[in-house]
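Reviewing the structure listed below.
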Amino acid sequence: MSTAHYAVNGATAVITLDNPPVNGLGLELRSGIVAGLDRAAADPKVKAVVLIGTPRAFSGGADIREFNTPKMTAEPNLHNVIRALEAMRKPVVAAISGNCMGGGLELALGCHFRIAGPGAQIGLPEVKLGLLPGAGGTQRLPRLVGLEHALNMIVSGAPVPSEMFKGTPLLDDFVTGDLLEGALAFAQKAVADKRPLKRVRDLKVRHANVEGYIHFARTSVGAMAGPFPAPLKCVEAVNAATLPFEQGLAREREQFAELVMTPESRALRHAFFGERAASKLPDVPEGTPTRPIRKAAVIGAGTMGGGIAMNFLNAGIPVTVLETKQEALDKGLGIIRKNYESTVKKGKLKPEKMAERMKLLTPTLKYEDLGDADIVIEAVFEDMAVKKAVFEKLDQVMKKGAILATNTSTLDVDQIAAFTRRPADVVGTHFFSPANVMRLLEIVRGKKTAKDVLATTLALAKTIRKVAVVSGVCDGFIGNRMIHQYGRESQVLIMEGALPQQVDKAMEKWGMAMGPFRMGDLAGLAVGWYIRKRHYAEHPGMPRAVVADRICELGRFGQKTGKGWYAYKAGDRTAYPDAEVDTIIDQARKAAGITPRKLTDEEIVERLVFALVNEGARILEEGIALRASDVDMVYLNGYGFPLHRGGPMLYADSAGLYHVVRRCEQFASNPLTDREFWQPAKLLAQLAAGGKSFAAFDAAGGAVKQAGAKPVKAKPKAKPKPKAQSKAKSRSRAAA
């Protein structure tokens, strides 16, 4: 069925783009547009053509469902669709509403005239995928809005309201009423007035000092581009708009082709698709009924509980916050208010909006006041006995059908669910601190978590603007289970000869937002120490983090105490190396009989990143994570992993799994580290041996199952056909 509908209204042909949800320019739609143009050109009664989308979108650009498929580049490609528009001898009017992005804007720029309605969003966001507009956008837009405005739009990738283009050559008219009626009227007048058919390609770029401006742009864009090459390539492509059109278009294509092959663009595209894939569960299909979330409750008004509550307030959902003591409750509410006041001072929130949000907040000291909430999230101390008391009480007071969620970062969600008489309603919602800022939400599915609970929690994550990744149950889930090995190996590195500042600098230079020791000081060391002591009790033979434990024994819990792995000054978050820490490390080495050696930054990076990769592979083996991309989304959105690296699993693909396995085997020969851990994970070894990648693992369907999930049953196989028929068919295939 065509996704471009053709109709004739009087003497005007109307081609309506209809490819939900955003009119992505897939093969069928591209073909339909060209077929419609040919039909209009051949009909003597048709004097003009209107190209229009839906109220939601004229076109959002390329159809992401066709990425990495033959359809993406099949003819007619977007370049040839635009050529067909430009070649029309009857006026073509683009009627723009909703989103007009990327290839959608390039399509509109190929039309002879453009009109728009209020509220339309116009932009070229390709730079956000490490690319540049590849269908003439860098050449046509500067010819209409000028070099500077075009370059700002292309380099930022940010959409611009249609109202900003009133009176510019980009829009020939602005329609405040019915857009189709306005477009038909405009087309009829263009025919009656015999208006020349304007081709944007025929216009000239005008600027008083092109050379000086481009020099300025290269300097300023280069300073903000960081490790990403696309912004500077955008500058060069826009600069080429000053050349003859076809020559500039050729330059654009060259730059685009170069960017497609860069690891940075691959990483950005991986993040884009990974976020969308993470919300899809094979056994929880789209359309699974969800439970209404009209009111929420949070237990605990501390840093985490307050941050979680703010997510609901920001989304306009009333929240009741419970604490055990009035003092703690007042303190928590004060912090929430202070956070909002800070946002108001920065001009990012209007005072009346802050007032609206604070009115949605209800403090209480009584569990009974939570009973009418649709979801309650527990954010109390990371101790199973404490969680038990909370969930037994929730089981008594919460209404039937309420979702009971735990913010635990490491504990067994199945055990927590067993404290209730309704384990199907229990789910893990692991927020990351500060919860009102960090994008990641690990949703932990227990063995008995109901599918509608999962569907509801995934939908809620979108409402509160989180990137949700579903994890099975294990100690630490995806993120903290991996970071445990990362942290453990960082401890081994300092025992071998590195200092915290060398490890941190090596990782930060490589791209991490913070090295492991600075990150620990920022998050606070007390919870990690508590978890380590639990692990020591559960596994008496496990190696101890001698230096980390000693630092905590001295009351050095990070920035909040003024000392941790580093020393801090009042009002100053700078991490200053501390001689006392050096002494503790030196004493621990001597006690263990270790002669320190010099470690290179390269070894530090590989040991820490490949520790994440090896544990990530085990998590995939066990079905705790469904996809390698899910693991990457956890690390990109929750742990400061560099975006241009794409996540630990994509980075491993880039480095080559053969190399990763080889290095793991070499690290396993180190007598000071955990030799058993460094044995390559079975999945990692299998993929490397087969010359495959984690991306191939995902493409093949990812993990077979996730804890608590049953794989979707395959359709029954067709009955075998008679042998004679099968043989005949095989012969015909061979002949073909």
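The values are calculated or read from the model by the stated rules, or taken from the named source; none is laboratory data. Predicted model, so just to flag it, every value in this text is computed and none were measured. Neighbour counts run over all protein chains shown; Cβ positions are idealised from the backbone, glycine included. These accessible areas exclude ligands, DNA and RNA; they are computed on the full protein's heavy atoms, side chains included. Shrake-Rupley method; radii C 1.70, N 1.55, O 1.52, S 1.80 Å.
Points worth noting:
- Calculated FRET efficiency for the pair MET261/GLU621, C-beta based, R₀ 30 Å, to 0.05: 0.45
- Counting heavy atoms of the protein chains alone, THR138 has an accessible area of about 0 Å² for a 1.4 Å probe.
- Rounded Å value of the spacing that divides the Cα centres of the stretch 407-486 and the stretch 580-631: 25
- Cut-off 10 Å between beta-carbons: net charge of the residues surrounding ALA297, Lys and Arg +1, Asp and Glu -1: -3
- Anchor LYS692: lysines whose Cα lies under 24 Å away (excluding residues fewer than 8 positions away in-chain): LYS280, LYS682, LYS705
- Kyte-Doolittle mean at least -1.0 and Cα axial length at least 24 Å: DSSP H helices in the chain: 326-345, 479-496, 601-621
- At a probe radius of 1.4 angstrom, the accessible area of the stretch 426-497 per residue rounds to 28 square angstrom.
- Straight-line reach from LYS331: taking Cα to Cα under 14 Å and skipping same-chain neighbours fewer than 8 places apart, the aspartates and glutamates in range are GLU323.
- For LYS45, net neighbour charge (Lys/Arg +1, Asp/Glu -1) across residues whose Cβ lies under 12 Å away: +2
- Debye equation applied to the C-alpha atoms of the stretch 258-297, log10 I(q)/I(0) at 0.17, 0.25 Å⁻¹: -0.67, -0.87
- Each stretch of four or more DSSP H residues adds -39500 (n - 2.57); spread over every residue of the chain, this sum gives -14500 deg cm²/dmol at 222 nm.
- Accessible area expressed per residue, the stretch 586-656, with surrounding protein chains retained (probe 1.4 Å, Å²): 32
- A simple count of charges around ARG544, restricted to other residues whose Cβ falls under 14 Å of its Cβ and scoring Lys, Arg +1 and Asp, Glu -1, yields +1.
- Taking the stretch 130-164 and a reference point 7 angstrom along Cα→Cβ of PHE273, the backbone N atoms nearer than 18 Å belong to 130-132.
- Cα-based radius of gyration for the stretch 106-168, normalised by 2.2 N^0.38 Å, reads 1.05.
- Toward the positive end of the charge dipole of the chain, with +1 on the Cβ of Lys and Arg and -1 on the Cβ of Asp and Glu, the farthest Cα among VAL46, GLY564, LEU643 is that of VAL46.
- The chain - percent of accessible surface contributed by carbon and sulfur, probe 1.4 Å: 56
- Mean Cα-pair separation over length for the chain, i.e. relative contact order, pairs under 8 Å, 6 or more apart, %: 9
- Average accessible surface area per residue within the stretch 187-337, 1.4 Å rolling probe, Å²: 52
- Relative contact order for the stretch 190-266: 25 percent, from Cα pairs under 8 Å spaced at least 6 residues apart, divided by residue count.
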